[in-house]
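Contents: one structure, followed by commentary.
Derivation of every value follows stated rules applied to the coordinates shown; laboratory data play no part. Quick caveat, the model's predicted, so the values are computed rather than measured. Positions of Cβ are generated from backbone atoms using ideal geometry, with glycine treated the same way; all protein chains shown enter the neighbour counts.
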Amino acid sequence: MAPRTETAGEKTAETFKPEIVVLYCQHCVVQDADLTIAMKATSRFRAKLVMMPCTGKIEPSHLLKILAHGADGIQVLGCPYQQCHRLDGNLRAEKRIEYTRQLLHQIRMGPERLGMERGLDFSGLQLMLLAERRADAVKPLGPNPMKGERE
Ligand code: FES
């Protein structure tokens, strides 16, 4: 039997290391959390953390711009229901994220590139695990097709 050879697509999937941008509400994370652990490059993905005053500030245009700049996925972390410090910021964020996921589906980039979780007192390790979960969802899609177009 002849040895199995890799196709170019398989090779890309094996070496693909998704870049995940984590947008998190400042009220979701434990005070004095060591976030350096969440930013450490692993062999499987890279994460960039961006703190926000509230996820209600997120607009679909921001999310699309992050992807246009080459991120492979975005993980949003907001406060739990009825615990947003700006009343309904997390609910507005949820609607905008769902809208953006639909856009990603329509343009065939994959809604899995974007997701939201809610909670309080996230540690640096938990942020990293959520980023890893997004990376796992993105990996089957392959690299962001817009990556490198702006370079
Ligand atoms: Fe945390 Fe609004 S203050 S999501």
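Things to note:
- Measuring nothing but how far apart in sequence close Cα pairs (under 8 Å, 6+ apart) lie, relative to its length, the stretch 73-151 scores a relative contact order of 38 percent.
- The stretch 18-141, relative contact order in percent, only Cα pairs under 8 angstrom and at least six apart counted: 37
- Principal semi-axes in Å for the chain [√(5λ), Cα gyration tensor, largest first]: 29, 18, 12
- Residue pairs, from the table 65/95; 48/139; 57/139; 17/147, whose Cα atoms sit over 24 Å apart: 57/139
- Efficiency of FRET from Cβ geometry, residue 62 and residue 37, R₀ 22 Å, rounded to 0.05: 0.30
- Ranked by the mean number of other Cβ atoms within 10 Å of their residues, highest first, the peptides 70-79, 109-118 come out as 70-79, 109-118.
- Annotation for the stretch 89-151 versus the stretch 41-87: alpha-carbon center distance of 8 Å.
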